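The structure under discussion appears below in the form of structure tokens.
The values are calculated or read from the model by the stated rules, or taken from the named source; none is laboratory data. Computed from a prediction, not measured in an experiment: that's the story for all the values here. When we count neighbours, we look across all protein chains shown, and the Cβ atoms used for this are built from the backbone with ideal geometry, even at glycine.
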Amino acid sequence: MGQRSFANVDGVMLSKKDSTSNTNFLALRKPAKMMFEDDPIDLEKGMKLNNFTKMTLEVETTMCDYLMLKDFIQVYLVDGMVNASIHTAAQQAGLDSRGLKGNEVFNFGWTPNGNGYAGFSFKYRESYSNGEKQTSAIIKLSVTLEKDEMDIILATSLVNVPSYDVPDKSKVNPGHLMSVYHPNLSTLLLEKNEILSYLLEMESVGDGDDTIYARPLPDYLRTKIDFVTKTAGVQKYSDLKRTDEFSPLYIREKISANVQTLKQFNYASLSRTQSLDISDKRRMNISFVGDIPILKNSFSDSTGGGITTKVLALG
């Protein structure tokens, strides 16, 4: 099986299918990997005939803010396809006839034949520990096209002129935790100064079946949230044990002096478990898990007291 790989991906731009609006520029955290792989059929005498070509790309962003998550969940996952423009770094020292240094630009979209869009999946992660915060998303694009269709994309990759966006550095790991609570309780679930670590992960998952063009069909956001706290007394553990394990969970962050975000996991979207470790280092772990249907979400803004709260409600 023939295989060709293109390294040094310099940037990736995503936008809504059939549109260039709401463009998201993915500033890279780590080197991306893009692969083109021939998928032939077998012939007699041990030979093979090129039939389909598979493209896959995996890239991790340096940031993933509220608006980017909104596009990921409400647009890209629902459409199942996305416009993707993938740019490689310069391949030569001198300028070519386009005034570029051999940059390759791969555009997956309407061309060819309304079938060149890339499939989309992602895994979002935010974590706090040891005084550090990290927010990122791992993006996976994939599509398998007939050889002639992929050849059209490859043939035009050397003549499209890239237009780079500059990533907004203010969106990289903005804000800090303000509160974590069950809204049906009179007190906070956790005092933030008692939290030792916090991890939230949301990943698009499906039933394992892809379309005939190898685009994934995600159905759920597989969600996992873990807190480790030094508030680890038997009373706190007992209080949680008596609290409905399917209670709504609200996580509020301050982005700026007048903007906050609220991740709102509605009733029965997640289940809660807790464990208490009584030893030289007393700790309590509180975990939430659940698969949330992709279509059970809403994004909205509310304003009060001079503060705009951007709400992501799931479940």
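Structure summary
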{"quantity": "Any pair with Cβ under 8 angstrom, 6 or more apart, that starts in region 254-269 at a residue that is closer than 14 Å to Asp244 by Cα and free of Cβ contacts under 8 Å to residues at least 40 places away in the same chain and ends at one that is assigned to a loop (DSSP other than H, G, I, E, B) and not small (Gly, Ala, Ser)", "calculated": "none"}
{"quantity": "Any chance Glu203 is in contact with a His (Cβ under 8 Å, 6 or more places away or on another chain), crowded, with 18+ Cβ neighbours inside 10 Å and not in a helix (DSSP H, G or I)", "calculated": "no"}
{"quantity": "Residues of region 108-135 satisfying the condition of being of a type in the set (S, T, N, Q) and crowded, with 19+ Cβ neighbours inside 10 Å", "calculated": "Ser121, Thr135"}
{"quantity": "Residue within region 155-177 that is at pLDDT below 90, assigned to a strand (DSSP E or B) and surrounded by 15 or more Cβ atoms within 10 Å (Cβ to Cβ) present", "calculated": "yes"}
{"quantity": "Lys224 at pLDDT 90 or above and over 30 Å from Asp148 (Cα atoms)", "calculated": "yes"}
{"quantity": "Qualifying residue in region 25-33 (condition: small (Gly, Ala, Ser), modelled with pLDDT of 85 or more and part of a strand (DSSP E or B))", "calculated": "no"}
{"quantity": "Sole residue being part of a strand (DSSP E or B), among the aliphatic types (A, V, I, L, M), within 17 Å of the chain's Cα centre (by Cα) and within 29 Å of Phe72 (Cα to Cα), chosen from Ile225, Ile251", "calculated": "Ile225"}
{"quantity": "Residues of region 261-298 classified as buried (at least 16 other Cβ atoms within 10 Å of the Cβ) and of a type outside the set (Lys, Arg), total", "calculated": "18"}
{"quantity": "Region 52-96, residues that are under 16 Å from Pro218 (Cα atoms) and among the hydroxyl-bearing types (Ser, Thr, Tyr)", "calculated": "Tyr76"}
